[in-house]
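Undergrad: Following this message is one structure expressed as structure tokens.
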Amino acid sequence: MDVVKCFNVTGFNVMANPTFDGGAADMFMAGGSSRGKEIARRLSQDAGFAECYDLGGDDRIPLLESLAGIWIDLAMAQGHGREIAFKLLMR
């Protein structure tokens, strides 16, 4: 079975259009299936996300749940609204 957790760290409106003024949002995934991860990566790119970062195996899935919780807190509890997403910046 090819199970991968992905697409849970932002809202529907960002999933429909992940492009912002500063570029496209990033997506994240975790799971034990290489085949599933390749499919998730392709779906992410086809949806317009800049990158789909692989956080690791099944044991890393709780990281995605934490990131989703942060998004919910920022969007809803702190009032930033649903037009927010995560972007990994590197130097």
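Undergrad: Among the residues of region 1-16, are any acidic (Asp, Glu), in contact with a Lys or Arg (Cβ under 7 Å, 6 or more places away or on another chain) and modelled with pLDDT under 95? Step through it out loud before you land on a result.
TA: Taking region 1-16 first, the residues acidic (Asp, Glu) are 2.
When the remaining residues are screened for being in contact with a Lys or Arg (Cβ under 7 Å, 6 or more places away or on another chain), the result is 2.
Filter once more, keeping what is modelled with pLDDT under 95: 2.
Checking region 1-16: at least one residue is acidic (Asp, Glu), in contact with a Lys or Arg (Cβ under 7 Å, 6 or more places away or on another chain) and modelled with pLDDT under 95.
Undergrad: Follow-up. Would you be able to say whether some residue in region 27-34 is out of contact with any Asp or Glu (no Cβ under 8 Å at 6 or more places or on another chain) and either of a type in the set (Asp, Glu) or assigned to a helix (DSSP H, G or I) (or both)?
TA: Within region 27-34, one or more residues are out of contact with any Asp or Glu (no Cβ under 8 Å at 6 or more places or on another chain) and either of a type in the set (Asp, Glu) or assigned to a helix (DSSP H, G or I) (or both).
Undergrad: Please state which of the following conditions Arg35 fails to meet, knowing it meets all the rest: (1) surrounded by fewer than 13 Cβ atoms within 10 Å (Cβ to Cβ); (2) closer than 16 Å to Lys87 by Cβ.
TA: With respect to (1) surrounded by fewer than 13 Cβ atoms within 10 Å (Cβ to Cβ); (2) closer than 16 Å to Lys87 by Cβ, Arg35 is out only on (2).
Undergrad: Could you check, for region 60-79, whether at least one of its residues is under 14 Å from the mean Cα position of the chain (by Cα), surrounded by fewer than 14 Cβ atoms within 10 Å (Cβ to Cβ) and in a loop (DSSP other than H, G, I, E, B)?
TA: No.
Undergrad: I would also like to ask the following. Here is a list of conditions, (1) loosely packed, with under 15 Cβ neighbours inside 10 Å; (2) of a type outside the set (S, T, N, Q); (3) modelled with pLDDT of 95 or more; (4) more than 15 Å from the chain's Cα centre (by Cα), and Glu83 meets all of them except one; can you say which number that is?
TA: Just one mismatch for Glu83, condition (4).
Undergrad: Starting from region 70-89, keep only residues that are without any contact (Cβ under 8 Å) to a residue 60 or more places away in the chain, then list their pairs with residues that are loosely packed, with under 13 Cβ neighbours inside 10 Å whose Cβ atoms are within a distance under 7 Å, requiring at least 6 positions of separation or different chains.
TA: If the second residue must be loosely packed, with under 13 Cβ neighbours inside 10 Å, the pairs left are Leu74/His80.
Undergrad: Considering only region 1-11, state which residues are outside any loop (DSSP other than H, G, I, E, B) and touching a residue at least 40 places away in the same chain (Cβ under 8 Å). First the steps, then the outcome.
TA: Filtering region 1-11 down to residues outside any loop (DSSP other than H, G, I, E, B) leaves 4-6.
Across region 1-11, the qualifying residues are Lys5, Cys6.
The values are calculated or read from the model by the stated rules, or taken from the named source; none is laboratory data. What you see is a predicted model; the values in this text were computed from it and never measured. FYI the Cβ positions are ideal-geometry reconstructions off the backbone, even for glycines, and counts take in every protein chain you see.
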